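Notes to accompany the following structure.
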Amino acid sequence: MDDLIQKIRKFADDRDWEQFHSPKNLSMALAVEIGEVLEHFQWLTEEQSRNLDKKTLKKVKDEIGDIQIYLARLADQLGFSPLKAAREKLRKNSRKYPVEKAKGSAKKYTEFE
């Protein structure tokens, strides 16, 4: 991840894009890219969403690449590792969603008895 972040940082620096890469702008760009992923799944059935044709799968892969780049860039601008943040959040989610309560359930942790 560090190598990817360094390459993204250099890519932006080489193009003098630092001026545009505020956390506000990056978070908005991230939201736009997520919307572009959603477009490919809109109106599909559950089954269709699991079996994309090669052309659509390639487009989704490209959009996920954009999302990863913006997410890494946003975390870099805010001064933390996105992988460390994900690991920490997974630990928190493990406590919120213990296997014995969450297995096979789509309930939010606040709905557990």
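If the condition is being open to solvent by less than 80 Å² (accessible area, probe 1.4 Å) and assigned to a helix (DSSP H, G or I), then the stretch 13-27 contributes 23, 25, 26, 27. Among the candidates 34, 67, which residue alone is under 18 Å from residue 1 (Cα atoms) and β-branched (Val, Ile, Thr)? 67 is the lone residue from the list that is under 18 Å from residue 1 (Cα atoms) and β-branched (Val, Ile, Thr). Residues in the stretch 101-113 that are assigned to a helix (DSSP H, G or I), open to solvent by 70 Å² or more (accessible area, probe 1.4 Å) and not acidic (Asp, Glu): 101, 109, 110.
Please pick out the residue among 71, 30 that is surrounded by 13 or more Cβ atoms within 10 Å (Cβ to Cβ), in contact with a Pro (Cβ under 9 Å, 6 or more places away or on another chain) and part of a helix (DSSP H, G or I). Can you show your working first?
On the way: 30 fails: in contact with a Pro (Cβ under 9 Å, 6 or more places away or on another chain).
Within the list 71, 30, the selection yields 71.
One line per residue, one yes/no per condition, for (1) closer than 16 Å to residue 5 by Cβ; (2) surrounded by fewer than 13 Cβ atoms within 10 Å (Cβ to Cβ); (3) not β-branched (Val, Ile, Thr):
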| position | (1), (2), (3) |
| --- | --- |
| 76 | yes, no, yes |
| 84 | yes, yes, yes |
| 89 | no, yes, yes |
| 93 | no, yes, yes |
| 99 | no, yes, no |
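Checking each residue in the stretch 1-37 for being out of contact with any helix residue (DSSP H, G or I) (no Cβ under 9 Å at 6 or more places or on another chain) and either at positive phi or among the hydroxyl-bearing types (Ser, Thr, Tyr) (or both) picks out only 16. Taking residues in the stretch 86-113 that are without any contact (Cβ under 8 Å) to a residue 24 or more places away in the chain and within 22 Å of residue 68 (Cα to Cα), and partners anywhere that are surrounded by 12 or more Cβ atoms within 10 Å (Cβ to Cβ) and of a type in the set (Phe, Trp, Tyr), the pairs with Cβ atoms closer than 9 Å and at least 6 places apart or on different chains are 93/109.
Residues of the stretch 10-53 being under 17 Å from residue 82 (Cβ atoms) and touching a Lys or Arg at 6+ places or on another chain (Cβ under 8 Å), which ones? Don't jump to the end; show me each part of the working.
From the stretch 10-53, those under 17 Å from residue 82 (Cβ atoms) are 11-12, 21, 23, 26-27, 29-31, 33-34; that's our starting set.
Listed by number, the residues that qualify are 12, 21, 26.
The values are calculated or read from the model by the stated rules, or taken from the named source; none is laboratory data. Bear in mind that the values here come from a model prediction, so they are computed numbers and not experimental data. Heads up, the Cβs are rebuilt from the backbone with ideal geometry, glycines too, and the neighbour counts pull from every protein chain shown. Ligands, DNA and RNA are excluded from the accessible area calculation, which covers all protein heavy atoms including side chains. Shrake-Rupley method; radii C 1.70, N 1.55, O 1.52, S 1.80 Å.
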